[in-house]
Structure formats: structure tokens, C-alpha cells
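Step one of this worksheet: look at the structure below.
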Amino acid sequence: MPYEIIINERLCHGCNDCVIACPKTVLCRDDPENMIIIVKSGKARIMKSELCDGCGMCIEACPVRAVRIIVPAQTEG
Ligand code: SF4
Ligand code: SF4
């Protein structure tokens, strides 16, 4: 199960810092075609979330703490 990234559209002001910080190009602001989660125009969006490795750099980069990651549950056995 992949990581799930959530951007709080109420907090996001579209500064682009999370987009720049992501080494996997999971986040974008300007490509509405491939996005998985749609937020208001000009705000951060999630695309190709299957590439996310949960590094957390987007969370650290966001000045308003708008990015959250849900870590997949570990299955045992
Ligand atoms: S956790 Fe890392 S790989 Fe995933 S979206 Fe954030 S910066 Fe990109
Ligand atoms: S760093 Fe935060 S405020 Fe800036 S675009 Fe990303 S989610 Fe929005």
C-alpha cells in the first residue's frame, strides 16, 4: 500500500516549496491532467503518488504545515 499524501487546501497558499523539495516529482502545481487529488487552482496538487517514498521533505518544506502523509499500515506475516 503506498503512502498517501494530503494537502490541506485551506492552508496551502501555493508557494511551491513542497513541489521543489520533492525528489520524486510527486507534487505539482500546474499539471491538472494527472493529479489524483484536486485542490484549488494554483495550490499544490498530488500526482504520481505511487512514486512517493515517504521521505517527508515536502512536510519539512511547507511553511504552513499543509502537507500530511499517511503511512501505510505494516502487515505482519
Ligand atoms: S514524502 Fe518525499 S517523495 Fe513523498 S511527496 Fe513528500 S517529498 Fe515527495
Ligand atoms: S509548501 Fe505548503 S503552502 Fe507551499 S505549495 Fe506546498 S502545500 Fe502549499
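The figures follow:
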{"item": "Sites Arg65 and Thr25 - FRET efficiency at Förster radius 30 Å, r taken between beta-carbons, to 0.05", "result": "0.85"}
{"item": "Burial ordering of Arg45, Arg68, fewest other beta-carbon atoms within 10 Å first", "result": "Arg68, Arg45"}
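Coordinate-derived values only; no laboratory data. None of the values given here were measured: they were computed from a predicted structure. Cβ coordinates were reconstructed from backbone atoms using ideal geometry, including for glycine residues, and neighbour counts include every protein chain displayed.
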